[in-house]
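The values are calculated or read from the model by the stated rules, or taken from the named source; none is laboratory data. Everything numeric here is computed off the predicted structure, so don't read it as measured data. Cβ atoms come from the backbone with ideal geometry, glycine included; neighbour counts cover every protein chain shown.
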Amino acid sequence: MIRKRITAVLVTVCMVLGGCGNTSEEEEATAFTVNGEAVSLREWNFYVRMNQMQWEKEGLETWGDDMWSQAAGEEEGTTRADRLKEEVQETICQIHLACQYAKEYGVSLDEAKQREVRERAGSFMDAYHEALLDYAGADEAFVYEKLSERELSLLVEEAAVADYEPVILEEEVHREGICYVLISTTGLRDSEGNLLPFTEEEVKERTKLAEEVCRAARESGKLKETAEANGLTPIEASMGRSNEGDGHEPRMLDAARELAVGEISDPVWTEEGWFLVQHMNDYDEVGTDYWREKLTKQAKTAEYERIYEEWKAAAEIVTYPEVMDQVEVKIVLKELL
């Protein structure tokens with residue numbers, strides 16, 4: 001997804017850079033062009049190394065030091081290094097293409113946004129060791145330029161779908177209020193985050209607790225207060241007509257939909273433990289508004305992706321493999337720094 005790619009790049013910009021130095025040759029050599037606009041070797045290296053560092057941060061422990069030579073998914077002959085470069089090129093193309101439509105949509109960075117981006121660029125340069133910045137080929141002017149391009153591309157994205165009003169059906173966003181509590185039977189985590197499993201006897205006690213809380217809650221008609229009185233943490237949430245994209249425990253949601261307003265479920269068994277849920281009301285305004293906004297944003301993102309794909313299909317993108325191949329992704333960057 002385009003939005004995900006851009007977000008990944010932004011996160012990485014704000015975290016760490018890596019590269020192969022800032023030379024005049026890098027600035028002049030062209031890795032590829034987008035409608036005649038040159039993407040320099042320096043920019044290509046800059047984005048590849050940023051994303052390489054992010055990928056390594058997230059996956060090095062799992063994949064190991066040979067992660068870049070490993071196959072990427074089921075596609076034969078494609079390594080993880082190949083996939084990284086594919087995604088980076090797509091990101092760069094998206095940013096440059098969007099910026100090329102800035103005048104058409106009448107958007108630009110105002111003085112306030114320019115100051116904000118300049119401050120971010122300065123903060124970035126102050127945050128890292130000079131040796132790392134030199135290796136990355138990152139000076140403040142260059143970082144400011146790349147951040148500015150990205151900000152402008154986001155403004156274009158907003159303008160491109162500003163007048164787009166997706167059709168969101170009420171049944172898609174209608175939410176009903178629930179309150180639930182989980183009585184875990186898996187264990188507790190220590191200060192370092194390690195799970196300490198419950199013993200068989202403790203699991204039996206937790207199961208008995210779920211039954212007792214259920215009985216007491218039904219007598220009072222108030223799951224939230226009963227849970228709190230037993231040292232548990234109730235969660236007030238909402239449910240829709242299906243579990244798709246909801247994020248809550250599916251079995252708990254299924255049980256909640258079977259309840260009349262005010263009713264409390266039997267304990268619901270899951271891999272995490274016992275859930276108890278109460279159907280609080282048949283219309284949750286906050287939840288409904290949240291889902292309407294969420295689905296609207298998703299629809300606008302999808303519409304922009306459609307627009308971008310049209311731009312890309314009409315664009316002339318010329319690559320120079322002999323230049324792009326100069327940026328090699330073979331070994332993890334920890335061995336270079």
- request: Could you tell me whether segment 306-317 includes any residue that is in a helix (DSSP H, G or I) and of a type in the set (Ser, Thr, Tyr)?
  value: yes
- request: Could you please tell me which pairs satisfy a Cβ distance under 7 Å, a separation of 6+ or placement on different chains, a first residue in segment 272-294 that is in a helix (DSSP H, G or I), and a second residue that is not small (Gly, Ala, Ser)?
  value: Gly287/Arg175; Thr288/Val173; Thr288/His174; Thr288/Arg175; Trp291/Val173; Trp291/Arg175; Arg292/Ile168; Arg292/Val173
message: Condition first: of a type outside the set (Val, Ile, Thr) and assigned to a helix (DSSP H, G or I). Now tell me which residues in segment 36-50 satisfy that.
response: Leu41, Arg42, Glu43, Trp44, Asn45, Phe46, Tyr47, Arg49, Met50
- request: Answer yes or no: is there a residue in segment 143-150 that is crowded, with 19+ Cβ neighbours inside 10 Å and hydrophobic (A, V, I, L, M, F, W, C).
  value: yes
task: Output the number of the condition that Ala313 fails; it satisfies all remaining conditions of (1) within 30 Å of Gln70 (Cα to Cα); (2) hydrophobic (A, V, I, L, M, F, W, C); (3) at pLDDT 95 or above; (4) out of contact with any Leu (no Cβ under 6 Å at 6 or more places or on another chain).
output: (1)
- request: Determine which member of the set Val181, Val117, Val167, Val173 is more than 30 Å from Met252 (Cβ to Cβ) and touching a residue at least 12 places away in the same chain (Cβ under 8 Å).
  value: Val117
- prompt: Quick check: is even one residue across segment 296-303 in a loop (DSSP other than H, G, I, E, B) and surrounded by 13 or more Cβ atoms within 10 Å (Cβ to Cβ)?
  reply: no
task: Kindly indicate the residue of segment 318-328 that is in a helix (DSSP H, G or I) and without any contact (Cβ under 8 Å) to a residue 24 or more places away in the chain and also nearest to Thr33 (Cα to Cα) among those meeting that condition.
output: Pro321
message: Cβ contacts < 6 Å: first residue in contact (Cβ under 8 Å) with a residue 12 or more places away in the chain, restricted to segment 186-202; second residue part of a helix (DSSP H, G or I), any location; separation 6+ or different chain. Result?
response: none
task: Determine whether Arg189 is farther than 16 Å from His279 by Cβ and of a type outside the set (A, V, I, L, M, F, W, C).
output: yes
message: Whether any residue in segment 59-75 is under 21 Å from the mean Cα position of the chain (by Cα), touching a residue at least 60 places away in the same chain (Cβ under 8 Å) and not in a loop (DSSP other than H, G, I, E, B) is what I want to check.
response: yes
query: Pairs under 7 Å by beta carbon, first residue under 18 Å from Ile95 (Cβ atoms) in segment 298-311, partner part of a helix (DSSP H, G or I) and at pLDDT below 95, six or more apart or different chains?
result: Thr301/Arg3; Glu305/Ile2; Tyr308/Ile2
- request: Answer yes or no as to whether Gly287 is in contact with a Lys or Arg (Cβ under 9 Å, 6 or more places away or on another chain), at positive phi, crowded, with 16+ Cβ neighbours inside 10 Å and not hydrophobic (A, V, I, L, M, F, W, C).
  value: no
- prompt: Where in segment 170-235 are there helices (runs of 4 or more DSSP H), lying wholly inside it, with at least 1 residues that are touching a Pro at 6+ places or on another chain (Cβ under 6 Å) and buried (at least 16 other Cβ atoms within 10 Å of the Cβ)?
  reply: 200-220, 223-229
message: If Met50 meets every condition in (1) out of contact with any Leu (no Cβ under 9 Å at 6 or more places or on another chain); (2) under 21 Å from Leu147 (Cα atoms); (3) modelled with pLDDT under 85 apart from one, which number is that one?
response: (1)
Scope segment 300-331; condition in contact with a Phe, Trp or Tyr (Cβ under 8 Å, 6 or more places away or on another chain) and under 19 Å from Leu154 (Cα atoms); matching residues: Lys300, Glu303, Trp311
- line: Residue count, segment 245-266, condition touching a Ser or Thr at 6+ places or on another chain (Cβ under 8 Å) and assigned to a loop (DSSP other than H, G, I, E, B), comes to 3
message: Every residue in segment 39-53 that is within 23 Å of the chain's Cα centre (by Cα) and among the hydroxyl-bearing types (Ser, Thr, Tyr), please.
response: Tyr47
- request: For segment 122-134, indicate whether the set of residues that are assigned to a helix (DSSP H, G or I), at pLDDT 95 or above, out of contact with any Phe, Trp or Tyr (no Cβ under 6 Å at 6 or more places or on another chain) and surrounded by 14 or more Cβ atoms within 10 Å (Cβ to Cβ) is non-empty.
  value: no
